[in-house]
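Structure first, then comments.
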Amino acid sequence: MKIVYFTRDLLFPSKAQHAARMGGVTLQLVGSPQQCADAVDDDTHRVVVDLGSTSEPLADLAAALLAKKPELDLIAYGPHVQTDRLADAKSAGFRTMSNGQVHSGMNVVFGE
């Protein structure tokens with residue numbers, strides 16, 4: 001099982017890597033929408049997008065990801081105060097979470 005994680009954060013990915021290792025999941029870090037889409041393969045079951053890492057239209061990213069693998073679980077997260085950005089992600093087909101929800105549910109997000 002593999003999760004593709006699109007983020008440019010420098011600190012949080014080490015915690016996500018630990019959660020993935022503990023759950024027996026391969027975590028592939030990417031830093032752009034193109035790398036994100038390119039990383040999806042037959043082993044990928046989830047894509048996690050840090051909304052603070054992209055200003056690209058999320059509908060375009062979701063379309064590219066789902067074109068490669070329609071059954072992907074898409075999660076986007078960001079600050080709870082960025083309601084418009086979270087709503088855009090939800091409209092594009094992502095399950096949305098706040099930063100706090102991802103941090104507290106790290107083993108579920110990255111370890112399953």
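Any read-out appearing in this document is the output of simple, stated calculations on the displayed coordinates, not a laboratory observation. Computed from a prediction, not measured in an experiment: that's the story for all the values here. We place every Cβ from the backbone using ideal geometry, glycine too, and count neighbours over all the protein chains shown.
Numbers at a glance
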read-out: Residue in segment 92-99 that is in contact (Cβ under 8 Å) with a residue 40 or more places away in the chain and either out of contact with any strand residue (DSSP E or B) (no Cβ under 6 Å at 6 or more places or on another chain) or in a loop (DSSP other than H, G, I, E, B) (or both) present; value: yes
read-out: Single condition Ala37 does not satisfy, out of (1) out of contact with any strand residue (DSSP E or B) (no Cβ under 6 Å at 6 or more places or on another chain); (2) within 17 Å of Ser98 (Cα to Cα); (3) of a type in the set (A, V, I, L, M, F, W, C); value: (2)
read-out: Pairs with Cβ under 9 Å, 6+ apart, first in segment 16-38 and closer than 13 Å to Ser53 by Cα, second among the basic types (Lys, Arg); value: Gly31/Arg8; Ser32/Arg8
read-out: Output for segment 79-100, where each listed residue is surrounded by 15 or more Cβ atoms within 10 Å (Cβ to Cβ) and either among the basic types (Lys, Arg) or on the phi < 0 side of the Ramachandran plot (or both); value: Gln82, Arg85, Leu86, Asp88, Ala89, Ala92, Phe94, Thr96, Met97, Ser98, Asn99
read-out: Matching residues, segment 43-88, being of a type in the set (A, V, I, L, M) and part of a helix (DSSP H, G or I); value: Leu51, Leu58, Ala59, Leu61, Ala62, Ala63, Ala64, Leu65, Leu66, Ala67, Leu86, Ala87
read-out: Tally of residues being in a loop (DSSP other than H, G, I, E, B) and either surrounded by 14 or more Cβ atoms within 10 Å (Cβ to Cβ) or in contact with a Pro (Cβ under 9 Å, 6 or more places away or on another chain) (or both) across segment 10-30; value: 2
read-out: Members of segment 87-112 that are touching a helix residue (DSSP H, G or I) at 6+ places or on another chain (Cβ under 6 Å), over 16 Å from Ala16 (Cβ atoms) and aromatic (Phe, Trp, Tyr); value: none
